[in-house]
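J.: Take a look at the following structure, please.
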Amino acid sequence: MASMREIKRRKDSIANTQQITKAMKLVATVKLQKARGKAEEGKPYSEFVYNVVRSILAKTPGIDHPYLKSGNGGKHAAIVITSNRGLAGGYNSNLVKLVMQKNWPKDQVEIYAIGRKGRDALERQGYKIAEYYSEVINEPLYKDAMEIGSKLLKEYKNGQVGEIHLFYTSFKNTVTHIPTVKRLLPVEDMSGEQIPADAQAIMNYEPDEETVLNAVIPKYMTSLIYGALLESLASENGARMAAMDAATGNAEEMIEELALLYNRARQGTITQELTEIIAGAQAIQ
């Protein structure tokens, strides 16, 4: 059995760690409340835009536009949204696994990493990091999503990439966060799917198809990227809050176990001292 000094030192160390995890949980909770509101407000709009653009293909067969067919390039552009910090459970690792599950040849993938953790993990796995945006995820802005979308649209149109995918964590509620992937371009049509009534697109183009789609597709890209940023930030703070709550609970259990061990060790020491005193008194007699 460990000595009383060792048990007490370990107990104090865990208690200090518990104070840190409690503080981190509180901070994550406050950030979650703020991020959750923005994510829930923006989600209906991004989903509506997504369905509207997809419905264009379903209701306009044979439409010819560069944004609606595979690009000339064979590479896959992957926008991967993770966090800059850890201590968030499996939040970051689940996104990295989702990218790897695609089984794309690594030399045919261009990673547009938003967040340091995803960039580092994918770089270690041998993926090429085409662009890295570290500050975007700290406080997502619409203009950031617009810049990222514009750059990718330009590369897609020039044939540098053939497909654009968005990897992010969908925010359902405080405890449920789902790693998600969406193909942004070429736009997935809704052939054979039931189109939501509020997403029925009017197929009368003015002045023409190309002009309309040139205006709609960039907004579609920006809204989806921005919505994914907001949901990812809410998911990150939710995951961190849950992880810190679990860590605090584990620390409490360890402290209780160590307190029991300390009391047993102390009891054993007292018993031994009493035995020695009694033995010494009997020896004198």
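The values are calculated or read from the model by the stated rules, or taken from the named source; none is laboratory data. Note that the structure is a prediction, hence the values are computed from the model and not measured. Cβ placement follows ideal geometry from the backbone for every residue including glycine, while neighbour counts extend to all protein chains displayed.
J.: Looking at region 73-182, what helices (runs of 4 or more DSSP H) fall wholly within it and have at least 2 residues that are in contact with a Phe, Trp or Tyr (Cβ under 7 Å, 6 or more places away or on another chain)?
T.: Fully inside region 73-182 and qualifying: 91-100, 142-157.
J.: Something else: Of the residues in region 69-123, how many are more than 18 Å from the chain's Cα centre (by Cα) and either surrounded by fewer than 17 Cβ atoms within 10 Å (Cβ to Cβ) or on the phi > 0 side of the Ramachandran plot (or both)?
T.: Result for region 69-123: 10.
J.: Sticking with this one: When you check Tyr220 against the structure, is it in a helix (DSSP H, G or I) and in contact with a strand residue (DSSP E or B) (Cβ under 9 Å, 6 or more places away or on another chain), yes or no?
T.: Yes, satisfied.
J.: Being under 19 Å from Arg240 (Cα atoms) and aliphatic (A, V, I, L, M): is that true of Ile129 here?
T.: No; evaluated as a whole, the condition is false for this residue.
J.: Related question: Got a sec? Which of Ala259, Ala265, Ala246, Ala279 is within 30 Å of Gly90 (Cβ to Cβ), assigned to a helix (DSSP H, G or I) and among the small types (Gly, Ala, Ser)?
T.: One residue alone meets the criteria, Ala246.
J.: Is it the case that region 232-249 has a residue that's touching a Lys or Arg at 6+ places or on another chain (Cβ under 8 Å), closer than 26 Å to Met4 by Cβ and either surrounded by fewer than 16 Cβ atoms within 10 Å (Cβ to Cβ) or without any contact (Cβ under 8 Å) to a residue 40 or more places away in the chain (or both)?
T.: No, region 232-249 has no match at all.
J.: What is the residue count in region 1-31 for residues that are in contact (Cβ under 8 Å) with a residue 40 or more places away in the chain and loosely packed, with under 13 Cβ neighbours inside 10 Å?
T.: Result for region 1-31: 2.
J.: Now for a different question. When you look at Lys34, is it within 29 Å of Leu233 (Cβ to Cβ), at pLDDT 85 or above and surrounded by fewer than 17 Cβ atoms within 10 Å (Cβ to Cβ), yes or no?
T.: Here the answer is yes, as Lys34 does meet what is asked.
J.: When the residues of region 138-165 are narrowed to those that are surrounded by fewer than 23 Cβ atoms within 10 Å (Cβ to Cβ) and within 16 Å of the chain's Cα centre (by Cα), which ends up nearest to Pro66 (Cα to Cα)?
T.: Among residues in region 138-165 that are surrounded by fewer than 23 Cβ atoms within 10 Å (Cβ to Cβ) and within 16 Å of the chain's Cα centre (by Cα), the one nearest to Pro66 (Cα to Cα) is His165.
J.: Is it the case that Gly42 is out of contact with any His (no Cβ under 6 Å at 6 or more places or on another chain), of a type outside the set (Lys, Arg) and at pLDDT 85 or above?
T.: Answer is yes for this residue.
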